[in-house]
Structure formats: C-alpha cells, structure tokens
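A short reminder: the numbers here are calculations on the coordinates, not readings from a lab. As the structure is a computational prediction, the values presented were derived from the model and not from experiment. Heads up, the Cβs are rebuilt from the backbone with ideal geometry, glycines too, and the neighbour counts pull from every protein chain shown.
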C-alpha cells in the first residue's frame, strides 16, 4: 500500500472527517429543503397579494352598498365598522400565512451542529426561561490559536505547535469591542442552532 493510499485510509476512518462529512450532507439536504420552501413562499406571496387586493376591493364595494341605503349616522358608523372588521380578519389571515406559520422550523437540534469553528446562530434558554439567540462558534480542542497574552494562564497550551489556543467550548462572537472578538459561554446549555444568514447588501458590499 502506497503512502497516499495509507493517508487516504486514515482520513476516511478519522472520526472528525466522518462527522464533518455527515454535517455536510445534513447541510446540503437542509439547503435543498429551504430552496423549495422559498419557492413555495414566493408563490404564496403572489397569491395572497392578489387575495388582499380582491378583499380590499370587495370591502370597498360592501361599504358603498351598505352606506348607500343608510341615512342614520349611528347605522352608518356600524356599517363601516362591520366592513372594516371583516377586511381586518382577511388581512390577518393572509399575514399569518405569509409569516411562515406553516413553514418548517429553521432551528435545528444541537446534535447536528458543526463543531469546527463555524460562526452560526445559537439558541438557549436563560435561567429565567427566556430564549436568547447569539452569534457563536464552537472551538475544538487545540485548534483555534489566540494571541491574547493577558489570558495565557486560562488558555490551553499546544505543546506540539508551541502556541496558546482557546479552551474547547462555545464562544459568543463580540463584533463591537476592540480588545476581544469573542467570550467564553460558561454555564450555557445550547439546544438549537441555524446557519448564520448573510448581512444586508449595500452599495459598498
């Protein structure tokens, strides 16, 4: 067996490689499902925009029809309120549909999360039973080097490569500080995750 074949055999049997391949397959399947869901929602948006337009026109016709035969001010107000309430109910129904109430939950169980330093959205409940969502990443053991000498006593020393690394665990990304880019999430038990969406597009980007 050649050296290349031996290296390949070791690679395909490596647990990290197997896990990464599984995560990739899961992400590809999820991406396909999201593409299909986007197409469904786009079609639903068009249909419900047409429905709202028709409902508004019908509400106008109903209002005109009821008001024409009304001479009493109180009856006129009641008729207008009834038509407005009917139109409001139709609009709310369309909004619920478009909000994705029937769409699959974009949050995935934490068991499927990639633990390779990828930045993503992480969700967990606080001790007060409030959901908190943060941009975070998981640092595998002795993989992410740090240049912060102030915390050398806390960081893990990678003797093989003569460097300090982040201790294994979850880190919340901090993007508005000069001194730190992440903080360790101690005492946190994440339960869900989802891919980080791209930032808004601007003329500069």
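What is the list of residues in segment 113-150 whose amide nitrogen lies under 13 Å from a point 7 angstrom out from the Cα of residue 196, following Cα to Cβ? From segment 113-150, the list is 116-122, 134-139. What length, rounded to one decimal in nm, is gained on full extension from residue 143 through to residue 38, with 0.36 nm per residue of separation minus their alpha-carbon distance? Roughly 34.2 nm would be gained on extension. Across segment 108-195, the fraction of Cα-Cα pairs farther apart than 21 Å, rounded to a whole number, is 34%.
Extension gain for residue 176 to residue 153 (0.36 nm times residue separation, less C-alpha to C-alpha distance): 5.8 nm.
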